[in-house]
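The values are calculated or read from the model by the stated rules, or taken from the named source; none is laboratory data. It should be emphasised that the depicted structure is a prediction, and the values quoted were computed from it without experimental measurement. We place every Cβ from the backbone using ideal geometry, glycine too, and count neighbours over all the protein chains shown.
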Amino acid sequence: MSFKFFDKLSQDFSELLNDKKEYNVVIEIDKEENKKSFTTHSVVLRYRSSYFDKELENVTTNENHIKTIIKPNISVQIFEIILKYIYGGIVDIKNTDTKTIYELMVNANELELKELSKKLETYLIESKASWLRSHFSLVYHSTFDNNEFKGLKKFYNDFIIKYPNLIFESEDFTSLQETALISILKRDDLQVEEIKIWDYVIKWGIAQNPILPTDLKEWSKKNFKALKKTLQQCLPLIRYFHISGEVIWEKVKPYKKILEEELWDDIIQHFISPNKPITSLVLPARIISNPELPSTNILTPELSSTNILTPELPSTDISTPKLPSADISTPELPSRTTSTLELPSRVNEPFSTIINKEHVAELSSWVDQKSTIYSLTNIPYEFQLILRGSRDGFHPKTFWNMCHGYAGTIVVAKVAGTDEIVGGYNPLAWDNSRTGNVETNDSFIFSLKNGNIQNSILSRVKPNSGGALYYPINQSMYGPWFGFSEFSMDSKVSNFTQDKMCQCNGISCYEKPIRTTKDGFSIVDYEVFKVIKK
């Protein structure tokens, strides 16, 4: 039998860090006015870090037998955390912002403190996925150029496949390093229309040349030459021959001066005489997942040249095309400036096709953060229906059009093939003009008891999670979205019932998962209710 006293050992070594009597190494951190020196002990550094072991071999001692190591690219705040880890094996990041934790991970990896860097990498993936998503350009570059961080590489590879539009449309996309952009453009499974990829590449290239005129008509030959030089590694990765001729003429022709003359001639020839051989390299079309649609009598939008369904919704003053089980036109949208919105009335309409009064009582108690569930005779709220998929349609844009402006809403969805009812509560107003992460400490997601599901699950948002909700740019693909897909309704074919893209994935921003699987799913129906005090 052995007795282990690690706590006392950690405490004693932590106190050694503050002992100025027998130090023999000085480490100078940061630079200029932020510079600070730390006194340390070579025997501790050598055994705790192979990096310092090698550094100390190459550093000479001064007349006082002291060795000095200079690290100007590490901040004092981060190095203090690292030293406490080296001496005491303890890292406290409770009140540390996420960017500092990320920088701590990078610096720990540089100092070959692999135990620490691996632990921080896992923490970021499991607890700060929303932050990782919104800082894609910053983090992806460091993971791309590094042989370590395999967990983050997998995280971003999965992210690129599932949500490429969120990368290209992020605020920091144009700050993405060229090598990282090239690695994305090389992917055959990039789920984006080729002409949009062209648009994004042009946007990125122009951002690297801020002196270019904003009006393309004012560009000189020198301007085009500058853009061509910037994009010389990216342009060969565009699949030009899988873009329709009409779109080529509209989008690519204005920039034809940045293309090689032979390539432009081959592009034109290909669309005039598709069977005639050309000399330019023809890259294969990207592999776009496009599940076969079931045979139904619905209006099917035209396919684009890359086989992505991207239907255009009509403006609200004309009738909406029929979506599955939607035999009525979209109701007039409520005004954004109205604080209390009136819900459209419908005659002889059931309260809900998904939830019952017991569910309403339970959800109402969660809204009020009660520890006990309201009785059926004492429910303080009325649930008024805003949207029902089987009535109004399953196109993601329908959600953003009909729920725009409504605050204090419950979304419930019936999972296809199971008894599961999942959903979320948003105390804020849905806003179809806003994009990006939205913060609130009062939202929650849930799974309701139903059929074979014996118990309900409540998962509240973590305090200051940074991503309680996400409002996407592409409203033709993404519907309501809580956290980092802890509950999200997505569809690449613009119909929540027809592909398994809805998700209840992970626990990044919410306390616990609401499903036992991370597999994507389709839905049978979904409803959105406004929660109104009686």
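Brief remarks follow.
- E55 being surrounded by 14 or more Cβ atoms within 10 Å (Cβ to Cβ) and either more than 41 Å from the chain's Cα centre (by Cα) or within 17 Å of I82 (Cβ to Cβ) (or both): yes
- Scan segment 132-159 for residues that are over 15 Å from P472 (Cα atoms), in contact (Cβ under 8 Å) with a residue 12 or more places away in the chain and assigned to a helix (DSSP H, G or I) and the total you get is 14.
- Residues in segment 11-50 that are surrounded by fewer than 15 Cβ atoms within 10 Å (Cβ to Cβ) and among the hydroxyl-bearing types (S, T, Y) were compared, and the one that is nearest to L113 (Cα to Cα) is S50.
- Cross-chain or 6+ apart pairs with Cβ under 8 Å, segment 3-32 first and under 25 Å from E63 (Cβ atoms), then at pLDDT 85 or above and loosely packed, with under 10 Cβ neighbours inside 10 Å: N24/H65
- Being under 23 Å from M489 (Cβ atoms) and at pLDDT 75 or above is a property that F149 lacks.
- Of the residues V201, V192, the single one that is touching a helix residue (DSSP H, G or I) at 6+ places or on another chain (Cβ under 6 Å), buried (at least 18 other Cβ atoms within 10 Å of the Cβ) and outside the structural domain of M105 (by TED's automatic domain parsing) is V192.
- Hits in segment 181-203 - residues which are farther than 20 Å from V247 by Cα and either over 19 Å from the mean Cα position of the chain (by Cα) or of a type in the set (V, I, T) (or both): I182, I184, K186, D188
- Condition check for Y87: in contact with a helix residue (DSSP H, G or I) (Cβ under 9 Å, 6 or more places away or on another chain), among the hydroxyl-bearing types (S, T, Y), surrounded by 19 or more Cβ atoms within 10 Å (Cβ to Cβ) and within 25 Å of L9 (Cα to Cα): yes
- Of the criteria (1) assigned to a loop (DSSP other than H, G, I, E, B); (2) in contact (Cβ under 8 Å) with a residue 12 or more places away in the chain, which one Y200 fails: (1)
- Subset tally (residues that are assigned to a strand (DSSP E or B), over 25 Å from F351 (Cβ atoms) and touching a residue at least 24 places away in the same chain (Cβ under 8 Å)) for segment 499-525: 1
- Filter result for N62 (in contact (Cβ under 8 Å) with a residue 24 or more places away in the chain, loosely packed, with under 12 Cβ neighbours inside 10 Å, assigned by TED's automatic domain parsing to the domain that holds K118 and in contact with a Ser or Thr (Cβ under 8 Å, 6 or more places away or on another chain)): no
- The single condition from (1) over 27 Å from D215 (Cβ atoms); (2) surrounded by fewer than 18 Cβ atoms within 10 Å (Cβ to Cβ) that R286 fails is (2).
- Flag for Y123 being out of contact with any Cys (no Cβ under 7 Å at 6 or more places or on another chain) and over 22 Å from D19 (Cβ atoms): yes
- In segment 347-456, counting only helices (runs of 4 or more DSSP H) that sit wholly within it, the ones holding 2 or more residues that are without any contact (Cβ under 8 Å) to a residue 60 or more places away in the chain and of a type in the set (D, E, K, R) span 357-367.
- Meets criteria (crowded, with 19+ Cβ neighbours inside 10 Å, more than 17 Å from the chain's Cα centre (by Cα), touching a residue at least 24 places away in the same chain (Cβ under 8 Å) and outside any strand (DSSP E or B)) for F496: yes
- Among the residues of segment 96-106, at least one is closer than 23 Å to D30 by Cβ and basic (K, R).
- Residues satisfying the stated conditions in segment 161-180, i.e. farther than 17 Å from G436 by Cβ and either within 13 Å of the chain's Cα centre (by Cα) or loosely packed, with under 15 Cβ neighbours inside 10 Å (or both): I161, K162, T179
- For segment 114-131, a residue qualifies if it is in contact with a Phe, Trp or Tyr (Cβ under 7 Å, 6 or more places away or on another chain) and over 28 Å from L166 (Cα atoms), and exactly one does: L116.
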